[in-house]
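In what follows, a structure is listed as structure tokens, so that the remarks can point back to it.
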Amino acid sequence: QHNTTAQVKPELPQQVLQLFLYRISILTNIMSSARPKGSSVPAPEGERKYLIGGNWKSNGTLAEQEERVKTFNEAGPIPSNCEVAICAPYIHLPMLLATLREDIAVGAQNCGNNEKDGAYTGEVGAHMLTDLGCTWVIIGHSERREGFGMAGETEELCAEKLKVALGKGLKVMFAIGEKKEERESGVTMEVCAKQLDPAIKLLEEKDWENVAIAYEPVWAIGTGLTATPEMAQETHAQIRSYMSDKVSPEVASKIRIQYGGSMKGANAKELLAQPDIDGGLIGGASLKADFFNVVNGVPM
């Protein structure tokens, strides 16, 4: 005899269904380029526009990143003399490119030194990032130079990555900076010069148009310690002078030098008021609504 009991198909778990529909919506948005409109106004020609970059590091579930995007989309206008970019984990880049307001650029936190596809297991090439729609990438962050349970990246490797990224059409926040003992020993600029020199050798003068130098004193990253505005200004001025001597006065006058080292809403205005501080590369504060307090801290 046949079993006449009705066969009930198990229902798809609601969470799985929602995730499936959400990913379909992301793909639809990417294909239609339908990012939400922003509210920035172009800055006057000739000004060195402030650059506020957010580095989300290895933080966030998909749901948490969605909430951050919602917060930033509702955060109000961006000052006309300020450019904003968020550098997110690789796996969240498609979501940001589909849903983050269009006046906030999207970037990655690293890329390989490979110029094309190939046998580079685990690596993401700069050409892949531009194909996806990214605008920016961070190269040379101290956490990667130092390494975390793995070998750190050398000055030469960081310079190679910088050259490749620029060649594939990305703009780069190139991070440099000294450790606490190096600051205390008075060799801050020697350390910064050592990190800049391989890049200066590899790049042509025109390449620097798409580079921002992110000065991040390692001892101030994620520690709550911050260089005083006067300390930061002194080092920024030295970096600009070095670029003038080693590259050209024109490049030095135009290049943006960001400060990164526990910058947040509470101290951004005073730091950004310094003449050679042209923005910030923000870590912890970029994960919160406080990020826009930094954005709104730029001098008008």
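The values are calculated or read from the model by the stated rules, or taken from the named source; none is laboratory data. Since this is a predicted model, take the numbers as computed values, not measurements. Cβ: placed from backbone, ideal geometry, glycine included. Neighbour counts: every protein chain shown. For the accessible areas, the whole protein counts, side chains as well, though only heavy atoms, and no ligand, DNA or RNA atoms are used. Shrake-Rupley method; radii C 1.70, N 1.55, O 1.52, S 1.80 Å.
Helices (runs of 4 or more DSSP H) fully within region 138-212 that include at least 1 residues being of a type outside the set (Val, Ile, Thr), in contact (Cβ under 8 Å) with a residue 40 or more places away in the chain and open to solvent by less than 60 Å² (accessible area, probe 1.4 Å): 142-146, 155-167, 188-202. With respect to Met300, determine if the residue is open to solvent by 60 Å² or more (accessible area, probe 1.4 Å) and closer than 19 Å to Cys82 by Cα. Judged against the criteria, Met300 is a match. Residues in region 213-226 that are surrounded by fewer than 23 Cβ atoms within 10 Å (Cβ to Cβ) and among the small types (Gly, Ala, Ser) were compared, and the one that is farthest from Gly177 (Cα to Cα) is Gly224.
With a requirement of 3 or more residues that are aliphatic (A, V, I, L, M), the helices (runs of 4 or more DSSP H) lying completely within region 218-300 that satisfy it span 229-246, 265-272. The set of residues in region 96-119 that are of a type in the set (S, T, N, Q) and within 12 Å of the chain's Cα centre (by Cα) comprises Gln109, Asn110.
Restricting the first member to region 108-124 and to residues that are among the small types (Gly, Ala, Ser), and the second to residues that are part of a loop (DSSP other than H, G, I, E, B), the beta-carbon pairs closer than 6 Å and six or more apart or on different chains are Ala108/Cys134; Gly112/Tyr120; Gly112/Glu123; Gly112/Gly125. A count restricted to region 93-103 and to residues that are touching a helix residue (DSSP H, G or I) at 6+ places or on another chain (Cβ under 8 Å), open to solvent by 10 Å² or more (accessible area, probe 1.4 Å) and not aliphatic (A, V, I, L, M) stands at 2. Considering only residues in region 65-92 that are in contact (Cβ under 8 Å) with a residue 60 or more places away in the chain and part of a loop (DSSP other than H, G, I, E, B), the one that is surrounded by the fewest Cβ atoms within 10 Å (Cβ to Cβ) turns out to be Gly76. Lys288 passes every criterion in (1) charged (D, E, K, R); (2) buried (at least 20 other Cβ atoms within 10 Å of the Cβ); (3) in contact with a Ser or Thr (Cβ under 9 Å, 6 or more places away or on another chain) apart from (2). Each residue in region 259-271 was checked for being touching a strand residue (DSSP E or B) at 6+ places or on another chain (Cβ under 9 Å), surrounded by fewer than 24 Cβ atoms within 10 Å (Cβ to Cβ) and within 20 Å of Arg48 (Cα to Cα), and 1 pass.
Within region 178-188, does at least one residue satisfy the condition of being among the hydrophobic types (A, V, I, L, M, F, W, C) and under 26 Å from Val84 (Cα atoms)? No, every residue in region 178-188 fails to be among the hydrophobic types (A, V, I, L, M, F, W, C) and under 26 Å from Val84 (Cα atoms).
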